[in-house]
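The structure appears below as structure tokens.
The values are calculated or read from the model by the stated rules, or taken from the named source; none is laboratory data. All figures in this text were calculated on a predicted structure; none of them were measured in a lab. Here Cβ is always computed from backbone atoms with ideal geometry, including for glycine, and neighbour counts include all displayed protein chains. Note: areas computed on protein heavy atoms with side chains; ligands, DNA, RNA excluded. Shrake-Rupley method; radii C 1.70, N 1.55, O 1.52, S 1.80 Å.
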Amino acid sequence: MSKLTLSKYLAKIERRVPLSLPAREAFLSMPAEIQDFVAYRDIVKEGDRPHRAFFVDKGLVSRYQTLRGGERQIMSFHIAGDLVDLHSALVVIADHGVRTHCATRIVTVAHADILRAAANYPELGRAFWFDTLCDAAMFREWTINLGRRKSHERTAHLILEMAALYERAGLAENDTFEFPITQSDLSDALGMTAIHLNRVLQSLRRDRLIRTHARSITIENRAALSALAGFDPRYLHPEGMRQSNDFDGHSGGQAPGGIRQNNELDGRFERRV
């Protein structure tokens, strides 16, 4: 059962970098358990001490935190194929919650098995590391989105981000993807009231930038929507991760990329300190 249940995350890894057959087999052989959740159920709660990390097999989940007054801030959405809480293999106490937005199936793996696989197969460890770095890049972009972009811009940006993620996972067709969330959920992710968000969405539809139907979104004019959002997908790192052989041949005081290290300057700095 493990090979089937873990294959979606493996496909995500290998879209970024191919793995050796032994590493693939080690990953796929990890014991896994399946759990099903209905909509709006917590998988992880703030303060939990989880012992297993989980992948989304199907459905949609979000990370969130709840403020003292009961307001909620969604910090990211995760779709099928995402390993949502890889960090929990090392971070003991959950500092945020994770909950579902629709019927969702997850696949859980023991932290000990993940850490053992990473230790025994460094290429897996690098792939896990790169995955968390991509998450961090997305968090930085969300910070910019919430802190600096205007309401129309930030809404357009989130739509384009989700479109890119669904397309990469093979879950979008003809610029259309299923995004099973309510306007209340979306307003919690964009830091605006549901009433204001409704006006923004009406404006985007009126300008024929997007079309919505039930819980799906169609991008009608990607160029105009991207221009509005200032969307640049580089932060999603579609180029994949650096290969270990990229460093071959760099020696003799020369850093990766051909930049020579200034050892004399380093020495002066050390003497000053």
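Assorted remarks:
- The label point for I34 and the one for E14, both projected 7 Å from the Cα toward the Cβ, are 2.1 nm apart.
- Rounded Å value of the spacing that divides the Cα centres of segment 50-81 and segment 124-148: 15
- Dipole of the chain computed with +1 at Lys/Arg Cβ and -1 at Asp/Glu Cβ about the Cα centre; of L83, N145, N120, farthest Cα towards the positive end is N145.
- Per residue solvent-accessible surface (Å²) - segment 44-105, probe of 1.4 Å: 44
- Nearest-0.05 FRET efficiency for S184 and S151, computed from C-beta distance (R0 22 Å): 0.90
- Taking the Kirkwood radius as Rh and the Cα radius of gyration as Rg, the chain has a ratio of Rg/Rh equal to 1.02.
- Annotation: peptides 52-65, 196-209, ranked by per-residue average of other Cβ atoms within 10 Å with the highest first, follow the order 52-65, 196-209.
- Virtual spin-label span in nm between A227 and A110, 7 Å along Cα→Cβ: 5.7
- A simple charge model with +1 on the Cβ of Lys and Arg, -1 on the Cβ of Asp and Glu and nothing else charged puts the dipole of segment 1-148 at about 200 debye relative to its Cα centre.
- Taking 15 Å as the cut-off, the amide N atoms of segment 200-236 that come nearer than this to a point 7 Å along the Cα-to-beta-carbon line of D175 belong to 204-213, 217-229.
- Here segment 34-174 is treated as an ellipsoid with the same Cα gyration tensor; its semi-axes, largest first and in whole Å, are 25, 19, 16.
- Sorted peptide list for 26-34, 213-221, criterion being average Cβ within 10 angstrom, highest first: 26-34, 213-221
- Sulfur and carbon atoms: percent of accessible area, the chain [1.4 Å]: 53
- Segments 89-96, 229-236 sorted - mean Cβ within 10 Å per residue, highest first: 229-236, 89-96
- Assigned charges on the beta-carbon of Lys, Arg, Asp, Glu; the chain dipole about Cα centre (debye): 560
- Pairs of Cα atoms nearer than 8 Å and 6+ residues apart set the relative contact order; for the chain it is 18 percent.
- Whole-Hz Karplus values for segment 87-94 come out as 4, 5, 5, 10, 8, 6, 10, 5 Hz, taken residue by residue from phi with 6.51 cos²θ - 1.76 cosθ + 1.60 and θ = phi - 60°; glycine and proline positions read x.
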